[in-house]
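What follows is a single structure, written as structure tokens, with notes after it.
The values are calculated or read from the model by the stated rules, or taken from the named source; none is laboratory data. None of the values given here were measured: they were computed from a predicted structure. Here Cβ is always computed from backbone atoms with ideal geometry, including for glycine, and neighbour counts include all displayed protein chains. Heavy atoms of the whole protein, side chains included, go into the accessibility calculation; ligands, DNA and RNA do not. Shrake-Rupley method; radii C 1.70, N 1.55, O 1.52, S 1.80 Å.
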Amino acid sequence: MKKTLLILTAICMTAAIASSKAIRRTLSIAQNSVPETEMIANETMEFVYDYRCCIDTTGRLEENYTSDDMLLQIAPNGLSKFSSFKNLTIDSIVMRSSNEQLYKAASEGRLNNGEFMTIYKNYPAGKLTHTEKICMDWFRYEEDIPNLEWELTDSVTNVLGYVCQSAKCNFRGREWTAFYTEDIPIAEGPWKLHGLPGLIMKASDENGQYTFECIGIKSNAERPITIYKVPFNKVDRRDYYDTKHRYEINPYAYAESTAGIHITVTDEAGNPALDAYDPIELSYDFIETDWRK
């Protein structure tokens, strides 16, 4: 189904202190169509995780974090997909709405996308595939499924009524603590985390900048596992992070140079923000910090 809607929303977030230095800029482009998808497996179980990441490591206020509900789908053949549950809802709204309804939904903020990062494990077999939309373009890279060297530890917690044991590992620049339950004997977990004697129900890096916690389980699920049929830019992992960094330090300039979109940004008084196209220094790092090496 094709729509003709294109809505741009530019938001310049500023630190809640005397300085007006931007800590993050976001550019929301309301989608006008849903890409075609290809079914790659049938799921049998799905798990919803509360995903939170810190966008300002200089403070610990609630507004310094963003969050999204993420869906982990697991197929009988070991293939899994970790993606935004919110984006599934938005796809459904776009597919069944007229242009007028889409404009109304966009004005009400109901078309603001969730996390575009999608992680496939064992797709293709033995590989991990990461897809993501950056501005108007889609990117994809593949790598061997990482081998995480977990150390089992003594802490215990309870998540959704499941008793969970703890484990730690160092992975690509961060030390992770995970809690897994042997009551769900699947060596899976959120994002790229996996390889423990049960499902990872909760995980956090050592500084609490990235966290995942299971908030819902469906043991007899029937949602198909799909991948978008779009013209991916095929890159390697570090090229992906270079592109993501270039976008996040200067999203408006990135959009202008790659998609021909010019954005006028104003302050709260309606005056043009003359420095909107100047790069900013990010006050956070990505979930993998080894990408600069």
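Provide T26, T89 ordered by accessible surface of protein heavy atoms (probe 1.4 Å), highest first.
Values: T26 40, T89 70 Å².
Putting T26, T89 in descending order of accessible area: T89, T26.
Which trypsin sites (Lys or Arg not before Pro) in the range 134-200 pass both tests, a DSSP loop state and at most 16 other beta-carbon atoms within 10 Å? Don't jump to the answer; show the numbers that get you there.
Working: sites: R140, K168, R172, R174, K192; in loops: R172, K192.
When the trypsin sites (Lys or Arg not before Pro) of the range 134-200 are filtered for loop state and at most 16 Cβ neighbours within 10 Å, R172 remain.
Set the bar at 21 Å for Cα to Cα. Now go through K81/K192; K202/K234; K168/K202 and name every pair that lies beyond it. Don't skip to the answer; put the middle values down first.
On the way: K81/K192 10 Å; K202/K234 31 Å; K168/K202 12 Å.
Beyond 21 Å between Cα atoms: K202/K234.
Out of residues 5 or more away from S97 or on other chains, whose amide H comes under 5 Å of its own, with H placed 1.01 Å from N in the peptide plane?
Amide H to amide H, under 5 Å and 5 or more residues apart or across chains, S97 pairs with nothing.
Please go through the range 247-293 and write out the GluC sites (Glu not before Pro) that DSSP classes as loop and that have at most 10 other C-beta atoms within 10 Å. Intermediate values should be presented prior to the final figure.
Values: sites: E248, E256, E268, E281, E288; in loops: E268, E281, E288.
Here the GluC sites (Glu not before Pro) that fit, given the DSSP loop and packing criteria, are E268, E281.
Could you compute how much accessible surface F82 exposes when probed at 1.4 Å, giving the result in Å² to the nearest 10?
Accessible surface of F82 is approximately 0 Å².
Count neighbours as other Cβ atoms within 10 Å of each site's Cβ, and list the GluC sites (Glu not before Pro) in the range 105-165 that are DSSP loop with at most 14 such neighbours. The partial results should precede the final answer.
On the way: sites: E108, E115, E132, E142, E143, E149, E151; in loops: E108, E115, E149.
Qualifying residues, ordered by number: E108, E149.
Take the Cα of N113, step 7 Å along the line toward its Cβ, and report every residue of the range 209-246 whose backbone nitrogen sits under 18 Å from that point.
In the range 209-246, the label zone of N113 (backbone N under 18 Å from the point 7 Å along Cα→Cβ) covers 226-235, 240-246.
Which sequence of M70, M39, M45 reflects their accessible areas, 1.4 Å probe, from the largest down?
Values: M70 0, M39 110, M45 40 Å².
Highest to lowest solvent-accessible surface, that is M39, M45, M70.
Keeping all protein chains in place and using 1.4 angstrom, which order do F179, F212 fall into by accessible surface area, from largest down? Can you show the working numbers first?
Details: F179 35, F212 0 Å².
Descending order: F179, F212.
Calculate for the chain the 222 nm mean residue ellipticity that helices alone would give, adding -39,500 (n - 2.57) per DSSP H run of length 4 or more and normalising by residue count, nearest 500 deg cm²/dmol. Show your work: numbers first, answer last.
On the way: 4 runs with 43 residues, N = 293.
Helix contribution divided over all residues of the chain: -4500 deg cm²/dmol.
How large is the dipole of the chain about the Cα centre if only Lys and Arg carry +1 and Asp and Glu carry -1, each at its Cβ, rounded to the nearest 20 debye? Walk me through the numbers before you get to the answer.
Numbers: 31 positive and 43 negative charges, 144 e Å.
Using Cβ point charges on Lys, Arg, Asp and Glu, the chain gives about 700 debye.
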